[in-house]
1. Would you be able to say whether some residue in region 83-105 is of a type outside the set (A, V, I, L, M, F, W, C), without any contact (Cβ under 8 Å) to a residue 40 or more places away in the chain, surrounded by 10 or more Cβ atoms within 10 Å (Cβ to Cβ) and within 30 Å of residue 124 (Cβ to Cβ)?
2. I need the full set of residues from region 31-60 which are closer than 23 Å to residue 106 by Cβ, surrounded by 10 or more Cβ atoms within 10 Å (Cβ to Cβ) and of a type in the set (Val, Ile, Thr), in order please.
3. In region 78-100, is there at least one residue being at pLDDT 95 or above and on the phi > 0 side of the Ramachandran plot?
4. Within region 41-58, restricting attention to residues that are of a type in the set (A, V, I, L, M, F, W, C) and part of a helix (DSSP H, G or I), which residue is nearest to residue 124 (Cα to Cα)?
5. Can you tell me which residue in region 3-30 is modelled with the lowest pLDDT, limited to those that are within 24 Å of the chain's Cα centre (by Cα) and surrounded by fewer than 11 Cβ atoms within 10 Å (Cβ to Cβ)?
6. Give me the pairs, please: first residue somewhere in region 1-27 and under 19 Å from residue 126 (Cβ atoms), second residue anywhere and of a type in the set (Lys, Arg) and outside any strand (DSSP E or B), beta-carbon distance under 7 Å, and either six or more positions apart or on two chains.
7. List the strands (runs of 3 or more DSSP E) inside region 59-134, counting only whole elements, that have at least 2 residues being touching a Pro at 6+ places or on another chain (Cβ under 8 Å).
8. Just to be sure before I move on: is residue 38 in contact with a helix residue (DSSP H, G or I) (Cβ under 7 Å, 6 or more places away or on another chain) and over 28 Å from residue 121 (Cβ atoms) in the structure I sent?
Amino acid sequence: MSVKYNVVERGKPGDIEAPKKYYPSILSSGRVTLRQISQTVSQMSTLSSADTMAVLEALLTVIPQELSRGNIVELGDFGNFWLRTETEGTATPEEVRAVHIKGVLPRFNAGKEFKKVLDTIEFVKTSEPAAPQE
């Protein structure tokens with residue numbers, strides 16, 4: 001499998017005086033919808049596309065529900081989802097309150113099989129010009 005990338009010039013955040021550098025940036029080759037994934041999975045199994053879609057829709061409902069209960073969602077060799085918080089610190093442990101949690105972000109850690117696929121990616125430089133980024 002190959003993934004295309006282009007070259008982008010970026011400055012150092014917060015330091016406009018720092019020299020800009022050039023970095024590889026992955027280009028999307030398109031999008032795959034849930035329906036398309038459902039059809040692909042149904043071709044690999046004995047389930048119909050509608051049955052597969054129902055299972056995927058249920059999974060997409062259950063994962064956020066379990067995360068909102070404070071659970072880590074383990075999906076075997078695919079990987080794990082969990083929540084991370086953006087917080088403000090306090091001077092003492094006694095001062096810490098829920099109001100110091102400013103945001104919640106979902107996180108994902110790829111499992112063994114997922115990582116194996118990622119290790120097989122070949123990167124191909126494209127000649128498409130990149131839009132300048134700050």
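The values are calculated or read from the model by the stated rules, or taken from the named source; none is laboratory data. Owing to the predicted nature of the structure, the values given are computational and were not obtained by experimental measurement. Every residue, glycine as well, gets a Cβ built from its backbone with ideal geometry; the counts of neighbours run over all protein chains shown.
1. No, the conditions are met nowhere in region 83-105.
2. 37, 41, 55, listed by residue number.
3. yes
4. Of region 41-58, the ones of a type in the set (A, V, I, L, M, F, W, C) are 41, 44, 47, 50, 53-56, 58.
So of that shortlist, the ones also part of a helix (DSSP H, G or I) come out as 41, 50, 53-56, 58.
Values: 41: 28, 50: 36, 53: 33, 54: 37, 55: 35, 56: 32, 58: 37 Å.
For region 41-58, the residue satisfying everything is 41.
5. Once the filter is applied, the top-ranked residue is 13.
6. 9/20; 10/20
7. Working: elements: 79-87, 101-110, 122-125.
Strands (runs of 3 or more DSSP E) meeting the threshold: 79-87, 122-125.
8. Working: in contact with a helix residue (DSSP H, G or I) (Cβ under 7 Å, 6 or more places away or on another chain): yes; over 28 Å from residue 121 (Cβ atoms): no.
So residue 38 does not fit the description; no.
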